[in-house]
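Report on one structure; see the data block that follows.
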Amino acid sequence: MMNEILDALMIVFSLETTGMILLGVLAGIIIGALPGLTVNMGIALLLPLTYSFQGMTGILMLLGVYCGAVYGGSITAILISTPGTPASAATVLDGYPMAKKGEAGRALGLSTLASMFGGVFSTIALVLIAPLLAKVATGFSSAEYFALAIFGISIITSVSSQSVIKGLIGGVLGLFIATIGLDPMTSGMRFTFDSIYLMGGISFIPVLVGLFAFSQGLLSLEEDHRERIAGIVRQTKSKIDRILPTWSDIKRVMPTYIRSSVIGTGIGAIPGTGGDIASFIAYNEAKRWSKHPEEFGHGSPEGVSAPEAGANSVAGGAMVPLMTLGIPGDGATAIIMGAFMVQGLALGPQLFTEHPVEVNSIFIGLFAANIFMGIMGFMGMRLFAKVMSVPRRVLVPIIFVLCSVGAYSVNHDMTDVFVMMGAGLAAYILIKLDFSMSPIVIGIILGPMAESNFRRTLVISEGDPMIFLTRPVCAVFLGIAILTLLLPIFGPRLKALWRKQTSSS
């Protein structure tokens, strides 16, 4: 055990890996601080770089991006009342009022400390919970893995847009994309249309880059065009005074840090949730427990601290189902899952038994990323504030170039670039129609796992489907999956019926 930890420490704190974690955190903060760019976009944009690294370096870099981008959104939320990421939407409520009162530095300092605290807290929770859950899952067979995959697919109702139907359509689209190529059991060709390229399936990385990065570039281009026509000029407020929180501020917000971190870690461990949900729940709980609830909405330190601690503690929580069960906790971890696939690491309980050094590297690397995020946040806060003034007409072409280079670097094939552009254009249209991209990614990732384990189980049972109901764990996961799919559809109707009955009685 100690040798594995020492090996992991040597990996994480090697010159190359530490440098890439720092680069990932820096890139994440900048991406998060730029309005219109999202956490998922930043991770997808840098995902092709993981092909250039052996071992854990690329994965740890993406974890750095994840941590940095969630925090970076608070900079614009506080300074210009524009959340850089959805997870920072709740930070606007008290962060911007503090900035208007001349306390921008104080608000940024509290948000930075809260982000670091929440990230470290969730990492500790990950270290304690994940190995225990993995031990429980080591007895799973193909039937349980099929049920897990179905449960993972069922969370599309949670990560989809306002319309559950659109989320289901996105999930089915992802499942269809996953069937293109050779049959995993018989090696027969499916939907290849005599194309040699499609025989290997649609390349996963270009599709991800197109869905999350290229499409956002198109949206930013459209937004910039609309602002120029309307004559809108984005105003930035980059003057920042004292940023280090005082001891009295720390004592005041510490209970909020702890409470919000617990909330964020718990929400992150539930597949289908995310930082935006955690931030608002943490904000509401902070207001409910506060001795001065009347200050909320007018510049409360707890109102800034709670959403940031809650949102940043989601990362460690979301890694729990990803590492132990192979189910992404949110859209960001769904993309990071692709980096594990690139390195040939199978997520699930076998990861803890077959690759203990890599597991410990993730634990230590995530802890280091959060510490680096806090240090870089305090040291470079004034610089990050100036990044917001970068015009979109400069930023968008850079995004398009990086998307093209990233897609081409996967197989050195221009077809991948065209696939990326096609996926990005399709995603742009779907986003305009209020579709979410996360269900598509979940379908692409978990579709092959569900199909192969379903067919393997039927071979073992000689075609008897009752095997899925006679195995208790399998039946429980399938039951939860069905409830997860049906609850958003029938839940509102049941609530309406219940209210009607209670009002009539």
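What is the magnitude of the charge dipole of the chain about its Cα centre, with +1 placed on the Cβ of each Lys and Arg, -1 on the Cβ of each Asp and Glu, and no other charges, expressed in debye to the nearest 20?
1640
Sort 5-16, 48-59, 295-306 by packing, meaning the average of other beta carbons within 10 Å per residue, with the highest value first.
295-306, 48-59, 5-16
Across every pair of different alpha-carbon atoms, what Kirkwood hydrodynamic radius in Å does region 1-55 reach? Write down the numbers at each step before the final one.
Numbers: mean 1/r = 0.0780 Å⁻¹.
About 12.8 Å, per the Kirkwood formula over Cα pairs.
Here is the link list: LYS101/LYS432; LYS432/LYS500; LYS101/LYS287; LYS100/LYS291. Which ones come out longer than 30 Å on Cα distance?
From LYS101/LYS432; LYS432/LYS500; LYS101/LYS287; LYS100/LYS291, over 30 Å: LYS101/LYS432; LYS432/LYS500.
Rounded to whole Å and sorted largest first, list the principal axis extents of the Cα atoms in region 423-505.
54, 45, 17 Å, listed from the longest principal axis down.
Residue by residue through region 149-156, what is 3J(HN,Hα) from phi via Karplus (6.51 cos²θ - 1.76 cosθ + 1.60, θ = phi - 60°)? Round to whole Hz and write x for glycine and proline.
4, 5, 4, x, 5, 5, 6, 4
For the chain, what % of the accessible area comes from carbon and sulfur atoms, probe 1.4 Å?
C and S atoms contribute 69 percent here.
Output the 0 to 90 degree angle, nearest 10, between the alpha-carbon long axis of helix 414-432 and the longest principal axis computed from the alpha carbons of the chain.
60
When all protein chains stay in place, what accessible area (Å², nearest 10, 1.4 Å probe) is found for LYS101?
Spelled out: LYS101, probe radius 1.4 Å, area about 120 Å².
For the ranges 63-69, 90-96, what's the packing order if you count other beta-carbon atoms within 10 Å of each residue, average per peptide, and put the highest first?
Descending mean neighbour count gives 63-69, 90-96.
In terms of Cα to Cα distance under 20 Å, which aspartates and glutamates are near enough to LYS135, apart from those fewer than 8 places away along the same chain?
Within the straight-line cut-off, LYS135 pairs with GLU4, GLU144, GLU354, GLU358.
Express in nm, to one decimal, how much length is gained between LEU497 and ARG226 on full extension, taking 0.36 nm for each residue of separation and deducting their alpha carbon distance.
The span from LEU497 to ARG226 would gain 93.1 nm if fully extended.
For the chain, take the longest principal axis of its alpha carbons; what is the angle in degrees between that and the long axis of helix 215-230, to the nearest 10 within 0 to 90?
It works out to around 40 degrees.
Just going by the charge dipole of region 332-436, with Lys and Arg at +1 and Asp and Glu at -1 on Cβ, which of GLY422, PHE400, HIS412 is farthest out on the positive end?
PHE400
Per DSSP H run of n ≥ 4, the term is -39500 (n - 2.57); total these for the chain, divide by its residue number, and report the mean residue ellipticity at 222 nm rounded to 500 deg cm²/dmol.
-24000 deg cm²/dmol
Roughly how tilted is helix 275-289, in degrees to the nearest 10 and between 0 and 90, from the longest Cα axis of the chain?
Between helix and principal axis, roughly 50 degrees.
Can you check how the C-alpha radius of gyration of the chain compares to 2.2 N^0.38 Å, as a plain ratio?
Cα-based Rg divided by the globular estimate yields 0.97.
Please compute, for the alpha-carbon atoms of region 162-220, the extent along each of the three principal axes and give them in descending order in Å.
Per principal axis, max minus min of the Cα coordinates gives 41, 26, 17 Å.
Show me the ranking of peptides 480-488, 360-368 by mean Cβ neighbours inside 10 Å, starting with the highest.
Order by mean packing, descending: 360-368, 480-488.
Run through every distinct alpha carbon pair of region 307-391 and return the Kirkwood hydrodynamic radius in angstroms, one decimal place. Display every interim value, and only then the final one.
Details: mean 1/r = 0.0682 Å⁻¹.
14.7 Å is the Kirkwood radius here.
Below 8 Å between Cα atoms, with a sequence gap of 6+, how large is the relative contact order for the chain in percent?
Taking the mean separation of contacting Cα pairs over the length of the chain, I get 28 percent.
Could you provide, to the nearest whole Å², the per residue accessible area of the chain with probe 1.4 Å?
Counting only protein heavy atoms, the per-residue value for the chain is 43 Å².
The values are calculated or read from the model by the stated rules, or taken from the named source; none is laboratory data. Treat the numbers as computed from the prediction; the structure is a model and nothing was measured. Heads up, the Cβs are rebuilt from the backbone with ideal geometry, glycines too, and the neighbour counts pull from every protein chain shown. Surface areas here come from the heavy atoms of the whole protein model, side chains and all, with no ligands, DNA or RNA. Shrake-Rupley method; radii C 1.70, N 1.55, O 1.52, S 1.80 Å.
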